[in-house]
Amino acid sequence: MKQHLIALTAAALLASSFTLPVHAQDNVAVVNGQAIPQARLDALKSQIEQQAARMGQPVPPEILDQLREEVIAREVFAQEAQRQGLDKTDAYRNKLQLARESILASELFAHYMDEHPVSDKDAQAEYDNLVKAQAESASGKEYKSHHILVDDEDEAKSIIAELKKGASFEDLAKDKSKDPGSGANGGDLGWARPDSFVPEFSQALKSLDKGQVTETPVKSQFGYHIIRLDDVRDAKAPEAPPFDAVKDQIKERLEQQKVAAYQQELRDKAKVE
């Protein structure tokens, strides 16, 4: 658990290595004469809570209980690293610079979003656009069908002959179909748009009348199909969830888009030689 906590907040260790003198009553502890300010503990707690919130998970109470010991342990380790002169190495300075840049960038984008927040009105407009686009994409026809898939063309022809004699399509599918998804269900493919199938299957499906079975096997990359068209209907978009149920996700998506556009704007304006 402690190893996980250290990994989770590695950036905070670098960020909090710069401390200012504070009053004794504001200290978490004093380690070898070096005060650990309460602000450092508060910042660590805030960072962990924010990370957990982004993942949609609560912070386990036991982690929060460990934070004081965690901050003290970090101070001990940092002091020992300094005693050994590790803070004077090029590797340390390079990592510190990378951490500084990462933290500054994070602060920049957080400040930008504070200045350019996504409103409920923005989210509602995006929701309406998504619902409209979904409805438009659902236009056309949906087909309800069954099929039997076999590897051999002669076997497929034999099945078609059995069907013409009155054999049950569902029973033959359960007994002979190689399609693991539909075979056990009697070949039932449910409702689907024709473009959700491979082209050969789609073309044959659309050529059938309701209740009709393909007269000859339909060859595709999967084998030979015997197809029965059960019904046709106008396609309908699935019912959209209520706006309030998805508002937070939509806002997060719009915030990401705003930040990405801002990043590109800064990159385009930068003079790079």
Check your understanding: For the stretch 158-203, what are the residues that are surrounded by fewer than 17 Cβ atoms within 10 Å (Cβ to Cβ), free of Cβ contacts under 8 Å to residues at least 40 places away in the same chain and under 35 Å from the mean Cα position of the chain (by Cα)?
Key -> Pro180, Gly181, Ala184, Asn185, Asp195, Ser196, Val198, Pro199, Glu200, Gln203
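Hey, can you tell me all the residues within the stretch 204-219 that are over 15 Å from Ile159 (Cα atoms), touching a helix residue (DSSP H, G or I) at 6+ places or on another chain (Cβ under 9 Å) and surrounded by fewer than 16 Cβ atoms within 10 Å (Cβ to Cβ)?
Of everything in the stretch 204-219, just one residue is over 15 Å from Ile159 (Cα atoms), touching a helix residue (DSSP H, G or I) at 6+ places or on another chain (Cβ under 9 Å) and surrounded by fewer than 16 Cβ atoms within 10 Å (Cβ to Cβ), namely Lys206.
Consider Glu69 carefully, then state whether it is at pLDDT below 95, surrounded by 12 or more Cβ atoms within 10 Å (Cβ to Cβ), more than 24 Å from Leu266 (Cβ to Cβ) and of a type in the set (D, E, K, R).
Working: at pLDDT below 95: yes; surrounded by 12 or more Cβ atoms within 10 Å (Cβ to Cβ): yes; more than 24 Å from Leu266 (Cβ to Cβ): yes; of a type in the set (D, E, K, R): yes.
The answer is yes for Glu69.
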**Study point:** Residues (in a helix (DSSP H, G or I) and either without any contact (Cβ under 8 Å) to a residue 24 or more places away in the chain or of a type in the set (S, T, N, Q) (or both)) located in the stretch 115-127
**Key:** Glu115, Lys121, Gln124, Ala125
Revision key, fill the gap. Considering the stretch 119-154, residues that are buried (at least 17 other Cβ atoms within 10 Å of the Cβ) and over 30 Å from Lys251 (Cβ atoms), and then whichever is modelled with the lowest pLDDT, we arrive at Glu142
Practice item. Search the stretch 260-271 for residues that are closer than 15 Å to Met113 by Cα and pair each with any residue that is among the aromatic types (Phe, Trp, Tyr) and at pLDDT 95 or above when their beta-carbon atoms are under 8 Å apart and the residues are at least 6 apart or on different chains. Key: Tyr262/Phe109; Tyr262/Tyr112; Gln263/Phe109
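A quick yes/no check of all residues on (1) in a helix (DSSP H, G or I); (2) farther than 30 Å from Pro194 by Cβ; (3) without any contact (Cβ under 8 Å) to a residue 40 or more places away in the chain:
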| residue | (1), (2), (3) |
| --- | --- |
| Arg68 | yes, yes, no |
| Leu104 | yes, yes, yes |
| Glu107 | yes, yes, yes |
| Ala110 | yes, yes, yes |
| Asn129 | yes, no, yes |
**Study point:** Residue among Arg253, Arg228, Arg193 that is outside the structural domain of His146 (by TED's automatic domain parsing) and of a type in the set (Lys, Arg)
**Key:** Arg253
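Looking for whichever is of a type in the set (Asp, Glu) and more than 30 Å from His225 (Cβ to Cβ) here; the options are Glu142, Glu153, Glu162, Glu136. Which one fits? Reasoning before the result, please.
On the way: Glu142 fails: more than 30 Å from His225 (Cβ to Cβ); Glu153 fails: more than 30 Å from His225 (Cβ to Cβ); Glu162 fails: more than 30 Å from His225 (Cβ to Cβ).
Exactly one of Glu142, Glu153, Glu162, Glu136 is of a type in the set (Asp, Glu) and more than 30 Å from His225 (Cβ to Cβ), namely Glu136.
Which residues, counting only those in the stretch 39-51, are at pLDDT 85 or above and over 20 Å from Asp26 (Cβ atoms)?
Of everything in the stretch 39-51, those that are at pLDDT 85 or above and over 20 Å from Asp26 (Cβ atoms) turn out to be Ile48, Glu49.
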Check your understanding: Here are some residues: Val272, Val259. Which one is β-branched (Val, Ile, Thr), surrounded by fewer than 17 Cβ atoms within 10 Å (Cβ to Cβ), modelled with pLDDT under 95 and not assigned by TED's automatic domain parsing to the domain that holds Gly56?
Key -> Val272
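The values are calculated or read from the model by the stated rules, or taken from the named source; none is laboratory data. From a predicted model like this one, the values you see are computed outputs, not experimental measurements. Glycine gets a Cβ as well: all are built from the backbone with ideal geometry, and neighbour counts include every protein chain shown.
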